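Trainee: Before I ask anything, here is the structure I am working with.
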Amino acid sequence: MPTRRRNVSCVALRLPQRGEVWLFDCGEGTQHQLLRSDLKLSQITRIFLTHLHGDHLFGLPGLLATCGMAGHARRIDVYGPAGIEEFVRETTRLAQTRFTYPVEVHTVEAGEVYTEAEFAVSCRPLLHRAPAFGYRVAESDRAGRFDAERAASLGVPAGPAYGRLKRGERVTLDDGRIIDGRELCGPVERGRTFVYCTDTTYCHSAVELAHDADLLVHEATFTRDDEELARQSMHSTAEMAARVAREAEARRLYLTHFSPRYADGSPVTLGDLLREARALFPQTELARDFLVVDIERRTHAPTVK
């Protein structure tokens, strides 16, 4: 539930090069939080819902309606478990809401959810009281910077040869010289990976989903002392989240979805959750409302196909 300091679940993945924002969950009050941020409603193009519990989707009808009244010009694609189509259809029907822009609703199953040249989104089932999915967003690798000046100095003619060299291939010139594109390109920029897992207790699906992720956002509803509560409600402790990150060999972990029992003034605080997680996975931080985290690129040696 929301507290004075925290709203319920919603994470925005910003794609600045495309001017797009993808939302993961859309709890009550999401549009109000967006208005307090530097994100714009007009940038939202995709909304991925983990499950159909209210604290993760009660903000969806209002957000979609507001986008319509604001003259949203882009299509919004909504993804979620079975029942999401009925939820959107019935809430808009009963509220007599009409969208002035395209809204497409997709029922997800384990596997690929959305694929294009730049990104691939996949999901896996988690362990919760309702059907729930975690999401993985994988960015495609980018070729390293091509040194066009050096290519020209080697006598490479402009045209198709440049494209092949940019891909790291070898090109044979008219005079018989062989130019290796790998020597003209900087390190390949490895695509970044973002993973979002909530609500769930510890499960292997989360580990598989988060394998080698650059950033894992994972729920940590309880402390280790409340592990029995976590198992009964099928949520995670901070230690469980850290275990997922460690076994998945993720680079960074951000904890979220905290129980209000750990609010300011309580004997157990969010600092205790952080310490528990860091004991297993030191690269752990606590998420907070309006926190902005940059997902940095990694580089690796180019390969020739």
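Trainee: Can you tell me which residue is nearest to LEU52 (Cα to Cα) among those in segment 91-122 that are of a type in the set (S, T, N, Q) and open to solvent by less than 40 Å² (accessible area, probe 1.4 Å)?
Mentor: THR92
Trainee: What are the residue pairs meeting all of these: first residue in segment 252-280, first residue open to solvent by less than 40 Å² (accessible area, probe 1.4 Å), second residue of a type in the set (Lys, Arg), Cβ atoms under 7 Å, and 6 or more apart or on different chains?
Mentor: GLU276/ARG224
Trainee: Find the strands (runs of 3 or more DSSP E) located wholly in segment 158-221 whose residues include 2 or more that are of a type in the set (Val, Ile, Thr), and list them.
Mentor: Working: elements: 170-172, 178-180, 188-190, 193-197, 215-219.
Per the criteria, 170-172, 178-180, 193-197.
Trainee: Condition check: out of contact with any helix residue (DSSP H, G or I) (no Cβ under 9 Å at 6 or more places or on another chain), of a type in the set (Gly, Ala, Ser), in contact (Cβ under 8 Å) with a residue 12 or more places away in the chain and under 22 Å from ILE295 (Cβ atoms). Does SER122 satisfy that? Steps first, please.
Mentor: Working: out of contact with any helix residue (DSSP H, G or I) (no Cβ under 9 Å at 6 or more places or on another chain): no; of a type in the set (Gly, Ala, Ser): yes; in contact (Cβ under 8 Å) with a residue 12 or more places away in the chain: yes; under 22 Å from ILE295 (Cβ atoms): yes.
Judged against the criteria, SER122 is not a match.
Trainee: Sort out which residues of segment 25-69 are of a type in the set (Lys, Arg) and within 16 Å of the chain's Cα centre (by Cα), and write them in order of number.
Mentor: Of everything in segment 25-69, just one residue is of a type in the set (Lys, Arg) and within 16 Å of the chain's Cα centre (by Cα), namely ARG46.
Trainee: Which of the residues that make up segment 222-235 are in a loop (DSSP other than H, G, I, E, B) and either out of contact with any Leu (no Cβ under 9 Å at 6 or more places or on another chain) or open to solvent by 10 Å² or more (accessible area, probe 1.4 Å) (or both)? Before the answer, list the steps.
Mentor: Of the residues in segment 222-235, the ones in a loop (DSSP other than H, G, I, E, B) are 223, 234-235.
MET234, HIS235, listed by residue number.
Trainee: Test of understanding: among PRO157, PRO131, PRO187, PRO125, which residue is open to solvent by 20 Å² or more (accessible area, probe 1.4 Å), closer than 19 Å to ALA213 by Cβ and either of a type in the set (Phe, Trp, Tyr) or more than 15 Å from the chain's Cα centre (by Cα) (or both)? Give the steps one after another, and end with the answer.
Mentor: Working: PRO157 fails: closer than 19 Å to ALA213 by Cβ; PRO131 fails: closer than 19 Å to ALA213 by Cβ; PRO187 fails: closer than 19 Å to ALA213 by Cβ.
Result of the check over PRO157, PRO131, PRO187, PRO125: PRO125.
The values are calculated or read from the model by the stated rules, or taken from the named source; none is laboratory data. No experiment lies behind these values; they were computed from the predicted model shown. Note that we place each Cβ from the backbone using ideal geometry, even for glycine, and neighbour counts take in every protein chain shown. Each accessible area value is taken on the protein alone, full model and side chains, heavy atoms only, with ligands, DNA and RNA left out. Shrake-Rupley method; radii C 1.70, N 1.55, O 1.52, S 1.80 Å.
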